[in-house]
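Peer 1: Please see the structure below; I have some questions.
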Amino acid sequence: MNQKVKNLIQKLGEAIHETVSESEDIAVVVKDIREQGFDVLLMLEATIGLNEVDSATEEEDGDAEIEGPFTTGDLTFLKSLRISVGDAGFEARE
(Lines give C-alpha, C1' and ligand atoms only; values in the text may rest on other atoms or scores of the structure.)
Protein backbone atom coordinates (compact mmCIF):
# COMPACT_ATOMS: atom_id res chain seq x y z
CA MET A 1 0.00 0.00 0.00
CA ASN A 2 1.46 3.35 -0.94
CA GLN A 3 2.10 6.19 1.50
CA LYS A 4 -0.71 8.38 0.10
CA VAL A 5 -3.31 5.67 0.85
CA LYS A 6 -1.84 5.16 4.33
CA ASN A 7 -2.16 8.90 4.97
CA LEU A 8 -5.77 8.87 3.76
CA ILE A 9 -6.59 5.95 6.06
CA GLN A 10 -5.00 7.87 8.94
CA LYS A 11 -7.15 10.91 8.09
CA LEU A 12 -10.25 8.69 8.00
CA GLY A 13 -9.43 7.36 11.47
CA GLU A 14 -8.96 10.89 12.76
CA ALA A 15 -12.26 12.00 11.21
CA ILE A 16 -14.10 9.09 12.85
CA HIS A 17 -12.50 9.90 16.21
CA GLU A 18 -13.37 13.58 15.89
CA THR A 19 -16.96 12.80 14.93
CA VAL A 20 -17.47 10.55 17.95
CA SER A 21 -15.66 12.94 20.29
CA GLU A 22 -17.80 15.90 19.22
CA SER A 23 -21.13 14.08 19.12
CA GLU A 24 -23.69 15.85 21.28
CA ASP A 25 -25.81 12.67 21.44
CA ILE A 26 -22.91 10.69 22.89
CA ALA A 27 -22.01 13.50 25.30
CA VAL A 28 -25.58 13.60 26.65
CA VAL A 29 -25.70 9.85 27.27
CA VAL A 30 -22.24 9.83 28.88
CA LYS A 31 -23.33 12.69 31.15
CA ASP A 32 -26.48 10.75 32.12
CA ILE A 33 -24.40 7.67 32.95
CA ARG A 34 -22.03 9.77 35.08
CA GLU A 35 -25.00 11.26 36.93
CA GLN A 36 -25.94 7.69 37.86
CA GLY A 37 -22.57 7.34 39.61
CA PHE A 38 -20.52 5.60 36.94
CA ASP A 39 -17.39 6.63 35.09
CA VAL A 40 -17.42 5.97 31.36
CA LEU A 41 -14.62 4.58 29.25
CA LEU A 42 -15.64 4.44 25.60
CA MET A 43 -13.44 2.41 23.27
CA LEU A 44 -14.38 1.89 19.67
CA GLU A 45 -12.62 -0.26 17.13
CA ALA A 46 -12.92 0.44 13.43
CA THR A 47 -11.81 -1.95 10.74
CA ILE A 48 -11.11 -0.34 7.41
CA GLY A 49 -11.00 -2.69 4.44
CA LEU A 50 -9.78 -1.68 1.03
CA ASN A 51 -10.30 -3.42 -2.28
CA GLU A 52 -8.38 -2.10 -5.25
CA VAL A 53 -10.82 -1.28 -8.04
CA ASP A 54 -9.94 -2.10 -11.62
CA SER A 55 -11.10 0.88 -13.70
CA ALA A 56 -12.29 -1.39 -16.57
CA THR A 57 -14.34 -3.49 -14.16
CA GLU A 58 -15.75 -0.37 -12.53
CA GLU A 59 -17.04 0.90 -15.87
CA GLU A 60 -18.61 -2.47 -16.69
CA ASP A 61 -20.26 -2.69 -13.26
CA GLY A 62 -21.83 0.71 -13.71
CA ASP A 63 -23.75 -0.48 -16.77
CA ALA A 64 -24.67 -3.95 -15.49
CA GLU A 65 -28.24 -4.75 -14.50
CA ILE A 66 -28.37 -5.76 -10.85
CA GLU A 67 -30.21 -8.92 -9.84
CA GLY A 68 -30.34 -10.81 -6.55
CA PRO A 69 -30.06 -9.59 -2.98
CA PHE A 70 -26.27 -9.10 -2.67
CA THR A 71 -23.47 -7.53 -4.66
CA THR A 72 -20.00 -9.02 -4.66
CA GLY A 73 -19.01 -6.18 -2.33
CA ASP A 74 -21.87 -7.10 0.01
CA LEU A 75 -20.65 -10.70 0.17
CA THR A 76 -17.07 -9.57 0.77
CA PHE A 77 -18.24 -7.35 3.62
CA LEU A 78 -20.34 -10.14 5.16
CA LYS A 79 -17.40 -12.53 4.84
CA SER A 80 -15.19 -10.00 6.69
CA LEU A 81 -17.72 -10.21 9.53
CA ARG A 82 -17.50 -14.02 9.32
CA ILE A 83 -21.09 -14.24 8.07
CA SER A 84 -21.64 -16.95 5.49
CA VAL A 85 -24.57 -16.78 3.10
CA GLY A 86 -23.41 -19.54 0.73
CA ASP A 87 -25.64 -22.21 2.27
CA ALA A 88 -28.72 -19.99 2.01
CA GLY A 89 -28.67 -20.12 -1.78
CA PHE A 90 -27.74 -16.50 -2.31
CA GLU A 91 -25.68 -15.56 -5.33
CA ALA A 92 -23.62 -12.44 -5.78
CA ARG A 93 -24.86 -9.89 -8.26
CA GLU A 94 -22.26 -7.97 -10.20
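The values are calculated or read from the model by the stated rules, or taken from the named source; none is laboratory data. Model, not experiment: these values are computed from the prediction. Note that we place each Cβ from the backbone using ideal geometry, even for glycine, and neighbour counts take in every protein chain shown.
Peer 1: Of the residues that make up the stretch 19-27, is at least one among the polar types (S, T, N, Q) and over 27 Å from residue 80 (Cβ atoms)?
Peer 2: Among the residues of the stretch 19-27, not one is among the polar types (S, T, N, Q) and over 27 Å from residue 80 (Cβ atoms), which makes the answer no.
Peer 1: Which residues, taken from the stretch 16-41, are surrounded by 10 or more Cβ atoms within 10 Å (Cβ to Cβ) and within 22 Å of the chain's Cα centre (by Cα)?
Peer 2: Those that are surrounded by 10 or more Cβ atoms within 10 Å (Cβ to Cβ) and within 22 Å of the chain's Cα centre (by Cα): 16, 17, 18, 19, 20, 21, 23, 26.
Residues are listed down the side, and each one gets a yes or a no for (1) closer than 24 Å to residue 10 by Cα; (2) in contact with a helix residue (DSSP H, G or I) (Cβ under 9 Å, 6 or more places away or on another chain); (3) at pLDDT below 55:
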| site | (1), (2), (3) |
| --- | --- |
| 46 | yes, yes, no |
| 52 | yes, no, no |
| 55 | no, no, no |
| 59 | no, no, yes |
| 64 | no, no, yes |
| 69 | no, no, no |
| 77 | yes, no, no |
| 80 | yes, no, no |
| 84 | no, yes, no |
